Amino acid sequence: MEELFNLTYKDEVEELKDKEDFETLGDEKYLNHEDMEARLYWAFCRPNGSIEEQIADKEPLVSIMAFNHSKLPALKRFQLLHKDVIAKENLRVKIRNRTRMLFRSLVDDDFKELNQVLDLVAVFLPVAVDQLKNGRKWNDIKACEIEATKFLNRACEFIDEDLKTALYIKLADFEEMDNSELKEYLEEIIEKKESIHRIILDYYKEKSMDWIENSDLHILQKKGLQKLANKLD
């Protein structure tokens, strides 16, 4: 950042800032500028965040700056990011903080986009695992069991009690269901259980059995739900 303020184009850009169409003028002047320093500084200064062609810049440093200052979704950013940034550790470190923030958001979702990003940048799997374990735990978006399974299969070497505990928070909460909702949900899971990780199935069986045990249902209703839960084996 200190180096940025010494760039040749700083004063030029400052003069444009008072123009009503500052961003449009900047795009016209700097998006395809022959000087990498001009493109680099504009990637930092663009008011509404960097755009696709800036992240896709032929120079890794411009791509890095645009990646860090973009408002585009994580998947799109990683799709456009210069390949050298992924391949070289000395360049990856320059997107470390932004990457951590992006993965924090990805693990707060249903795991689908997380898996899509990891298909592109498998090197960041440890970051995803760390954010699942240590990131926010309050979001309301339930994990897709099949997408969570893909993630678990990918992260098998990282599976420990902390990871499982963090994952459980992302799964369906049976305590919020009535008996008909629980029955319906178990039937849905049983139908696709061959595609769901054993960790998830075991957790759902344990929680459904707890729900049944603590319910005031008639004994026959309990037995029916228990029989259903046992099909998770």
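The values are calculated or read from the model by the stated rules, or taken from the named source; none is laboratory data. Everything quoted here is computed from the prediction, not taken from an experiment. Heads up, the Cβs are rebuilt from the backbone with ideal geometry, glycines too, and the neighbour counts pull from every protein chain shown. Note: areas computed on protein heavy atoms with side chains; ligands, DNA, RNA excluded. Shrake-Rupley method; radii C 1.70, N 1.55, O 1.52, S 1.80 Å.
Numerical summary
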| quantity | calculated |
| --- | --- |
| FRET efficiency estimate (nearest 0.05) - Cβ-Cβ, Leu120 to Glu34, R0 35 angstrom | 0.75 |
| Matching label, Cα Rg over 2.2 N^0.38 Å computed from the structure shown, candidates (i) 1.16; (ii) 1.38; (iii) 1.06 | (ii) |
| In degrees, nearest ten, helix 198-214 long axis to first principal axis of the chain (Cα) | 50 degrees |
| Those GluC sites (Glu not before Pro) in the stretch 29-107 that DSSP places in a loop and that have at most 13 other beta carbons within 10 Å | Glu34 |
| Nearby lysines by direct alpha-carbon distance to Lys223 (threshold 24 angstrom, same-chain neighbours under 8 apart not counted) | Lys183, Lys192, Lys193, Lys205, Lys207, Lys231 |
| Degrees separating the helix 125-134 axis from the principal Cα axis of the chain, which is the longest one | 60 degrees |
| Count of lysine pairs in the stretch 28-154 with Cα separation under 22 Å (8 or more residues apart, or interchain) | 23 |
| Dipole of the stretch 13-87, positive end: most advanced residue of Ala66, Val85, Leu31 [Cβ charges, Cα centre] | Val85 |
| Kirkwood hydrodynamic radius of the stretch 177-220, Cα pairs, Å | 11.2 Å |
| The chain, accessible surface, carbon-and-sulfur percent (1.4 angstrom probe) | 46 percent |
| Contour minus Cα-Cα distance for Asn179 and Asp140 (0.36 nm per residue) | 11.9 nm |
| Helix 145-154 vs. the chain, principal-axis angle (Cα, 0 to 90°, nearest 10) | 70 degrees |
| Computed [θ] at 222 nm, deg cm²/dmol, the chain (DSSP H ≥ 4; -39,500 (n - 2.57); rounded to nearest 500) | -18000 deg cm²/dmol |
| Accessible surface of Lys170 - all protein chains present, 1.4 Å probe, nearest 10 Å² | 10 Å² |
| Pairs of Cα atoms farther than 11 Å apart, the stretch 65-106, % | 64 percent |
| At R0 = 41 Å, FRET efficiency that the Cβ-Cβ distance of Glu20 and Lys76 yields, to 0.05 | 0.90 |
| The chain, relative contact order in percent, only Cα pairs under 8 angstrom and at least six apart counted | 11 percent |
| Exposure ranking of Trp211, Trp42 by accessible area [1.4 Å probe, largest first] | Trp211, Trp42 |
| Cα lying deepest toward the dipole's positive end in the chain, options Ser105, Ile55, Val123, charges on Cβ | Val123 |
